[in-house]
Amino acid sequence: MRYRRLGRTEWMVSEVGINLRALEGLDEAAAGATFGAAIASGVTLVLVDVREHEGSLEPLVGRVMASERPRLAVLSRFERIAEAPAFAAQLLAAGARLGKEGFLDIALLTQIPDPAQRAVLDELAATRMVRAWGIETADAALATRAFEAGARTLVAPADAGEPLLVAAQAGDAGVIVKGDVATVAGTLADARVASVAGEVTTAGEVDLLTRAALRG
């Protein structure tokens, strides 16, 4: 596995990451085995959906990576975020589900936080309870506004266009492309992309994804 700097964040991340969404339909033993094998193969970038109900993979992530946390960059994806008065509690609860330390590496948002929500993110960043936040979008204009508001990472689809990558470069943001073996061919040939995050269900698929992403 090779590693790249994730924009202007503190992390060097594996060129291939794992998007845990595909594991949500597996039993805990199978999901844990696949995730553990990915980490053992050198994967250090992990995307996990924040779930505030039974069935969340966050506790499993916390158990598997307990001894590996310092070298991992975990992006916790929030489909919706609470209004400012409850936003801090929402973020801290997600961190607690990942482990006893209770912090989040990167809060991945699908919308630009308003000024009050950004103030919450800034307060938690000051205490290192949320290390950074990022945006998931295919819209270059929205991404640009997010970078201006403080986003440090971008999660983009496999068919991300040139305007989106240009926006990320201008914002000095770390770019993560989501995809699978069929869609990521040659993605890592672009130096602006730090990592490809794939939905895999077996350890063997991590290797296939790596080969596809490096192939021009």
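Membrane-span-like helices in the chain, defined purely by DSSP H runs whose alpha carbon atoms cover 15 Å or more axially and whose average Kyte-Doolittle hydropathy reaches 0.0, are 28-40, 84-98, 115-126, 203-214. Distance between the modelled labels on LYS100 and ASP207, one decimal in nanometres: 3.6 nm (7 Å Cα→Cβ projection). Centre-to-centre, using Cα atoms only, segment 68-107 and segment 8-47 are separated by 17 Å.
In the chain, helical runs assigned H by DSSP with n ≥ 4 each contribute -39500 (n - 2.57); averaged across all residues and rounded to the nearest 500, the mean residue ellipticity at 222 nm is -11000 deg cm²/dmol.
About its Cα centre, segment 49-127 has a charge dipole of approximately 260 debye under the convention of +1 per Lys or Arg Cβ and -1 per Asp or Glu Cβ, with nothing else charged. Taking the Kirkwood radius as Rh and the Cα radius of gyration as Rg, the chain has a ratio of Rg/Rh equal to 0.94.
What number, in percent, do you get for the relative contact order of the chain if the mean sequence gap of Cα pairs under 8 Å and at least 6 apart is divided by its residue count? Contact order relative to length: 22 percent.
Of the beta bridges in the chain, as assigned by DSSP with both residues counted there, near 10 percent are antiparallel. Computed extension length for ARG5-ALA33: 7.3 nm, one decimal, from 0.36 nm per residue of separation with the Cα-Cα distance subtracted.
Rule-based calculations on the coordinates, nothing more; no lab input. Just so it is clear, the model here is predicted, and its values are computed rather than measured. Heads up, the Cβs are rebuilt from the backbone with ideal geometry, glycines too, and the neighbour counts pull from every protein chain shown.
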